[in-house]
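Peer 1: One structure coming up, written as structure tokens, with questions to follow.
The values are calculated or read from the model by the stated rules, or taken from the named source; none is laboratory data. Predicted, not measured: the structure shown is a model, and the values here were computed from it. A quick note on method: Cβ atoms are made from the backbone with ideal geometry, for glycine too, and the neighbour counts reach across all protein chains shown.
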Amino acid sequence: MNGQHILRIKTPLCSYKILLERNITVLTGDSGIGKTSIYRAIDKYNRTGGKCDISVTSDCNVVVMDRVFDEFSYIHNNVRNSIFVIDEGREWIKSDEFARLVSKSSNYFVIISRDPLYSLPYSVHSVITLKTRNGRDSFETISEKLFVRTTSGKDVDIVITEDSKSGRELYKRMLSTSVRDIKGEPEGKSTVYDKALDMTNSGVSSCVIVDGAAFGCEIRQMLKLVNSPNSRVTLWAPESFEWLILKSGVIRKHGVEEILNSPADYIESSDFMSWEQFFTWLLTELTKDTTHPYSKSKLHDWYFSPENLEKLKAVIPKELRDKICGT
Amino acid sequence: MLYLNVTQEIPDNVIWDIDVYFDYAYQPSWIDNDFARRVIEDVDKSHVVAPRIIDSPYLGYVDPTHLSGGVKCILCLAFDPTKKWKFNITVCGDNCMRWIQRLSKAKDIHVDVSHLPEFYDDTYFEIMVENINKLCTCYDDILHAWAEVDRCERATYPKD
């Protein structure tokens, strides 16, 4: 399945509107905001065949996943192109079996959880919460992204990136000398919280650059740090390093702009578990027969030309660019 | 005091699915008291009409099995007499933490936690992170303890 989907649920006292942009959405937030109520409403609607005081509407099938995870019956029933809603308290959402099932699935998954789901590559933009307001006849609840702002007004002394090899090399060339260093850690993304905290302790202001398309499992924790009163951390989460190259326009190919304007329409969930995987595939495909084929391990010198570096810098939000590129 | 065990594991003696546990275990007395009424008002914006009847603005008149997972967990921590189980407070949103901290002022509470909650340091704050035996007295301490636990856990990962 691809594209954006809207899930609407109406109960006698409340209506819900959830926007799903990707194959994995994690619904989180305070207690008592209606997360489990959504699950129960869908379950009741399906069990009664719609003969109840609840309506569930979407442009595709909407089902709940049972308390007990049964991989065999899921595959056997061959449910396709549907939205699965999973309530909190299901410990199997952290299992490799579940991750395997999601990775090849044509279905979208809405998972109610506060825990980081390390086995699933989900986006910072897929972590949502619910906001309720008084409507004319009933309460109206809509989904809202947990992570909205990319940067803050804080200064930046150092940039921390999770990218190694190609990514780290390119960031080094793009950023100005006013940035002291770049710490790309080979261990991967789980260390950036640690590093940013270390920097804060040392009185150093840092900017953390992560691949937003796969950093969802860490975003709640990172936002706690970014938003803490003594924080000196700024967070920027472009979809991925490959997305940044594509977005910059250094690769001029017909159709790329259309894809970047509406990636959801082009990314089939059964082919790509995350948008990060898709952008890596796309960049590799677009450059494979050129003089500068893309490789994660080493970037061709062509990407470091002054003209290309300027284009790449232009993708960074201006407020942040002024601080880390010195322009 | 509040004792936190930070873990992604789910041992057999830990309740993770609070609905299953609470719905069959709760007693009317857990609901029919001042503490429970205040928690339910604050977290779920609902009113206790009677021990088995809750008036929710979003759901109408419901029984206590329709309370939020966070409220159910707080009530278990406060009133469950069995002491047989430990609870994972992953079902508790940040808006529950003030109540858990308040409970821990009166008695020792041992819980598992697998997400980083936001504790309030404008109130009683003595939290022991059991993994590293560190006493935290403000939220910054928790952020540091979290990183330390993460470091320890990564150190135990098998090397590639």
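Peer 1: Of the conditions (1) of a type outside the set (Phe, Trp, Tyr); (2) at pLDDT below 85; (3) assigned to a loop (DSSP other than H, G, I, E, B), residue A:192 satisfies every one except a single condition; which number is it?
Peer 2: (3)
Peer 1: For the stretch A:245-264, indicate whether the set of residues that are in a loop (DSSP other than H, G, I, E, B), of a type in the set (A, V, I, L, M) and surrounded by fewer than 23 Cβ atoms within 10 Å (Cβ to Cβ) is non-empty. Full working, then the answer.
Peer 2: From the stretch A:245-264, those in a loop (DSSP other than H, G, I, E, B) are A:249-255, A:262; that's our starting set.
Filter once more, so that each one left must be of a type in the set (A, V, I, L, M): A:250-251.
Filter again for surrounded by fewer than 23 Cβ atoms within 10 Å (Cβ to Cβ), leaving A:250-251.
There is at least one residue in the stretch A:245-264 that is in a loop (DSSP other than H, G, I, E, B), of a type in the set (A, V, I, L, M) and surrounded by fewer than 23 Cβ atoms within 10 Å (Cβ to Cβ).
Peer 1: Any idea which of (1) farther than 20 Å from residue B:16 by Cβ; (2) more than 10 Å from chain B (Cβ to nearest Cβ) is the one residue A:66 doesn't satisfy?
Peer 2: So residue A:66 meets the others, but not (1).
Peer 1: Among the residues of the stretch A:37-49, is there at least one that is in contact (Cβ under 8 Å) with a residue 60 or more places away in the chain, surrounded by fewer than 22 Cβ atoms within 10 Å (Cβ to Cβ) and within 27 Å of residue A:106 (Cα to Cα)?
Peer 2: Yes, the conditions are met somewhere in the stretch A:37-49.
Peer 1: Which of the residues spanning the stretch A:96-119 are within 14 Å of chain B (Cβ to nearest Cβ), polar (S, T, N, Q) and surrounded by 18 or more Cβ atoms within 10 Å (Cβ to Cβ)?
Peer 2: Scanning the stretch A:96-119 gives a single hit, A:113.
Peer 1: Looking for whichever is aromatic (Phe, Trp, Tyr), under 22 Å from the mean Cα position of the chain (by Cα) and under 19 Å from residue A:5 (Cα atoms) here; the options are A:84, A:98. Which one fits?
Peer 2: None of the other options fit; the residue is A:84.
Peer 1: While we're here: List the residue pairs whose Cβ atoms are under 9 Å apart, where the first residue sits in the stretch A:198-224 and is closer than 21 Å to residue B:118 by Cα and more than 14 Å from chain B (Cβ to nearest Cβ), the second is part of a helix (DSSP H, G or I) and at pLDDT 90 or above, and the two are 6 or more positions apart or on different chains.
Peer 2: A:215/A:124; A:215/A:222
Peer 1: Cβ-Cβ below 6 Å, separation at least six or inter-chain, first residue in the stretch A:226-246 and within 14 Å of another protein chain (Cβ to nearest Cβ) and under 21 Å from residue A:201 (Cβ atoms), second surrounded by 22 or more Cβ atoms within 10 Å (Cβ to Cβ) and among the hydroxyl-bearing types (Ser, Thr, Tyr): which pairs?
Peer 2: A:233/A:206
Peer 1: Another question, if that's okay. Scan the stretch A:103-151 residue by residue and report those that are touching a residue at least 40 places away in the same chain (Cβ under 8 Å) and among the small types (Gly, Ala, Ser).
Peer 2: Listed by number, the residues that qualify are A:103, A:105, A:106, A:113, A:123, A:126, A:135, A:138, A:143.
Peer 1: Further question: Every residue in the stretch B:34-56 that is more than 14 Å from chain A (Cβ to nearest Cβ), closer than 23 Å to residue B:105 by Cα and either at pLDDT below 95 or surrounded by fewer than 15 Cβ atoms within 10 Å (Cβ to Cβ) (or both), please.
Peer 2: Hits for the stretch B:34-56 are B:34, B:37.
Peer 1: Sticking with this structure for a sec: Looking only at residues in the stretch A:114-142 that are within 15 Å of the chain's Cα centre (by Cα) and of a type in the set (S, T, N, Q), which one is modelled with the lowest pLDDT?
Peer 2: Selected residue: A:119.
Peer 1: Let me ask another. Could you list, in sequence order, the residues of the stretch A:199-235 that are of a type in the set (Val, Ile, Thr) and more than 23 Å from the chain's Cα centre (by Cα)?
Peer 2: Within the stretch A:199-235, A:200, A:204 meet the criteria.
Peer 1: Select from the stretch B:104-144 the residues that are assigned to a helix (DSSP H, G or I) and free of Cβ contacts under 8 Å to residues at least 60 places away in the same chain and list them in ascending order.
Peer 2: B:105, B:106, B:139, B:140, B:141, B:142, B:143, B:144
Peer 1: Right, another one. Say we look at the stretch B:1-47 and pick out the residues that are aliphatic (A, V, I, L, M) and part of a helix (DSSP H, G or I); which of these is farthest from residue B:94 (Cα to Cα)?
Peer 2: Checked the stretch B:1-47; the qualifying residue farthest from residue B:94 (Cα to Cα) is B:25.
Peer 1: Of the numbered conditions (1) in a helix (DSSP H, G or I); (2) away from chain A (no Cβ under 11 Å); (3) free of Cβ contacts under 8 Å to residues at least 12 places away in the same chain, residue B:101 fails exactly one; give the number of that condition.
Peer 2: The failed condition is (3).
Peer 1: Next up: If a residue must be under 16 Å from the mean Cα position of the chain (by Cα) and either among the β-branched types (Val, Ile, Thr) or within 9 Å of another protein chain (Cβ to nearest Cβ) (or both), how many such residues does the stretch B:17-33 contain?
Peer 2: Of the residues in the stretch B:17-33, 4 are under 16 Å from the mean Cα position of the chain (by Cα) and either among the β-branched types (Val, Ile, Thr) or within 9 Å of another protein chain (Cβ to nearest Cβ) (or both).
Peer 1: In the stretch B:48-76, which residues are under 18 Å from residue B:34 (Cα atoms) and in a helix (DSSP H, G or I)?
Peer 2: Within the stretch B:48-76, B:64, B:70, B:71, B:72, B:73, B:74, B:75, B:76 qualify.
Peer 1: Another question, if that's okay. Looking only at residues in the stretch A:120-167 that are within 26 Å of residue A:199 (Cα to Cα) and charged (D, E, K, R), which one is surrounded by the most Cβ atoms within 10 Å (Cβ to Cβ)?
Peer 2: Among residues in the stretch A:120-167 that are within 26 Å of residue A:199 (Cα to Cα) and charged (D, E, K, R), the one surrounded by the most Cβ atoms within 10 Å (Cβ to Cβ) is A:162.
Residue-by-condition table, conditions (1) part of a loop (DSSP other than H, G, I, E, B); (2) within 14 Å of chain B (Cβ to nearest Cβ); (3) in contact with a Lys or Arg (Cβ under 9 Å, 6 or more places away or on another chain); (4) among the aromatic types (Phe, Trp, Tyr):
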| position | (1), (2), (3), (4) |
| --- | --- |
| A:6 | no, no, yes, no |
| A:22 | yes, no, no, no |
| A:42 | no, no, no, no |
| A:52 | yes, yes, yes, no |
| A:59 | yes, no, no, no |
| A:79 | yes, no, no, no |
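Peer 1: Same structure again: Look at residue B:59 and say whether it is farther than 26 Å from residue A:219 by Cα and within 11 Å of chain A (Cβ to nearest Cβ). Reasoning before the result, please.
Peer 2: Working: farther than 26 Å from residue A:219 by Cα: yes; within 11 Å of chain A (Cβ to nearest Cβ): yes.
So residue B:59 passes the test.
Peer 1: Test residue B:14 against the criterion of being more than 27 Å from residue B:134 (Cβ to Cβ), in contact (Cβ under 8 Å) with a residue 12 or more places away in the chain and either surrounded by fewer than 14 Cβ atoms within 10 Å (Cβ to Cβ) or within 11 Å of chain A (Cβ to nearest Cβ) (or both), and give yes or no.
Peer 2: So residue B:14 does not fit the description; no.
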